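Beneath this line is the structure, given in structure tokens, with notes to follow.
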Ligand code: PMP
């Protein structure tokens, strides 16, 4: 498509043909009065602006010119050391060699793909799959295998061995908001160990539990039998400051086996040489001052109330057409159409015309086939906007169902 538009000047790589505009829409300027339920965006009024201002001042005093210089590819040593301490457990002591600081958590997924994937390699991934991960891995044209949590141990091990790595988001998956229960976590970890497979645990939402107590992560479960030597586990654990402080910092990390960390650094060297020294210095000051913990309680209260409001509004306005479960945490409500013929891709422009946006399910499926679900975000907007968004979406669905089906069914009309 893009090739046709720009003709002979741009000879785009073939992966760009599967581009989708959803992420750009989600983080871009919205039409006036449109309600954005599409993005995985935090509430900007919770960003600790004053604390970041003070941390910036301290960082510049502390690091001086170092804050404006190139730094080591793997990250500011002080920040790596702090993260290593944070993720150490009895029986699993991590050192800085187990940590790489990345420009957002998504960069770790990108670099993992660059370092590990040959064209056509397989990835075993939780399905539906985080859109950013699908986008990041596109240049390698991977084959996507869907992770089956209930597979028998032998089958699970075989699936893991057939893939370069296994990818999952056990805490409030994006897009479904699903919380993977403890027995499934244990079983997956056991299979990864038996298969000697790399298990990538992406955990941007782990602090966002609104009900019940947090489950141990795969990385936590792995602690305890590592002895005193260097960490050599199967799990690569990814985190970010995007949900706990603010995504504009673009600070994330990958923590795991030093060889895997090193592979990520290899790709990082050829990309940005290192995450911004300046922002890393600020992030270090923020974490040392416990700013992420200080904003946590207010964040949970705000998001829990918003979750409740959207779930109630969905119950009232959308349950005639969709089924869903209230998520226990995270940022998303996932709805499945009662009528499997409903196409949330062709619904999307109708919803936009009604003044509401959402993320259609096709973008969370590398094959683009999953068409009867949609994802709503509940963290960005205050309660009245969420309720109005659900009303607008319900109106859009009814209008869409009254439209005659498109003659060609062209996928180019769809947003993903
Ligand atoms: N993984 C998942 C599952 C996500 O939902 C996100 C954010 N949307 C990220 C990684 C990365 O976020 P960031 O790059 O802002 O750290």
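The values are calculated or read from the model by the stated rules, or taken from the named source; none is laboratory data. Values in this document were obtained by computation on a predicted structure and should not be read as measured data. Quick reminder, even Gly has a Cβ in these numbers, built from the backbone with ideal geometry, and neighbours come from all protein chains shown.
Observations on the model:
- Verdict on residue 211 being more than 16 Å from the ligand (Cβ to nearest atom), surrounded by fewer than 24 Cβ atoms within 10 Å (Cβ to Cβ), over 18 Å from residue 330 (Cα atoms) and outside the structural domain of residue 380 (by TED's automatic domain parsing): no
- Here the condition is being at pLDDT 95 or above and more than 20 Å from residue 44 (Cβ to Cβ); of 312, 406, it holds for 312 alone.
- Of the helices (runs of 4 or more DSSP H) entirely within the stretch 1-118, those holding at least 3 residues that are touching a helix residue (DSSP H, G or I) at 6+ places or on another chain (Cβ under 6 Å) occupy 49-63, 77-87, 105-116.
Residue-by-condition table, conditions (1) within 16 Å of the ligand (Cβ to nearest atom); (2) more than 16 Å from residue 38 (Cβ to Cβ):
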| site | (1), (2) |
| --- | --- |
| 314 | no, no |
| 331 | yes, no |
| 339 | no, yes |
| 347 | no, no |
| 355 | no, no |
| 367 | no, yes |
| 373 | no, no |
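- Inspection of the stretch 113-123 identifies no residue that is closer than 20 Å to residue 188 by Cβ, within 13 Å of the ligand (Cβ to nearest atom) and either under 20 Å from the mean Cα position of the chain (by Cα) or surrounded by fewer than 20 Cβ atoms within 10 Å (Cβ to Cβ) (or both).
- Residues of the stretch 244-285 that are part of a helix (DSSP H, G or I), within 16 Å of the ligand (Cβ to nearest atom) and under 22 Å from the mean Cα position of the chain (by Cα): 247, 248, 249, 264, 267, 268, 279, 280, 283.
- The stretch 220-243 - residue that is crowded, with 22+ Cβ neighbours inside 10 Å and assigned to a loop (DSSP other than H, G, I, E, B) and, of those, modelled with the highest pLDDT: 241
- Search result, residues across the stretch 168-191 that are away from the ligand (no atom under 16 Å from the Cβ) and in contact with a strand residue (DSSP E or B) (Cβ under 8 Å, 6 or more places away or on another chain): 188, 189
- Residues satisfying the stated conditions in the stretch 125-158, i.e. in contact with a strand residue (DSSP E or B) (Cβ under 6 Å, 6 or more places away or on another chain) and more than 16 Å from the ligand (Cβ to nearest atom): 142, 143, 145
- Contact map, the stretch 15-36: residues that are modelled with pLDDT of 75 or more paired with residues that are in a loop (DSSP other than H, G, I, E, B), Cβ distance under 7 Å, separation 6+ or inter-chain. Pairs shown: 15/141; 17/1; 33/355; 34/355; 35/355; 35/381; 36/30; 36/380.
- Qualifying residue in the stretch 90-98 (condition: within 16 Å of the ligand (Cβ to nearest atom) and either surrounded by 19 or more Cβ atoms within 10 Å (Cβ to Cβ) or at pLDDT 95 or above (or both)): no
- Scanning the stretch 327-354 for residues being part of a loop (DSSP other than H, G, I, E, B) and within 28 Å of residue 213 (Cβ to Cβ) gives a total of 4.
For every residue, the table says whether it meets (1) surrounded by fewer than 18 Cβ atoms within 10 Å (Cβ to Cβ); (2) more than 23 Å from residue 210 (Cα to Cα); (3) assigned by TED's automatic domain parsing to the domain that holds residue 401; (4) in contact with a helix residue (DSSP H, G or I) (Cβ under 7 Å, 6 or more places away or on another chain).
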site	(1), (2), (3), (4)
263	no, yes, no, yes
270	yes, yes, no, no
280	no, yes, no, yes
304	yes, no, yes, no
312	yes, no, yes, no
320	yes, yes, yes, no
325	yes, no, yes, no
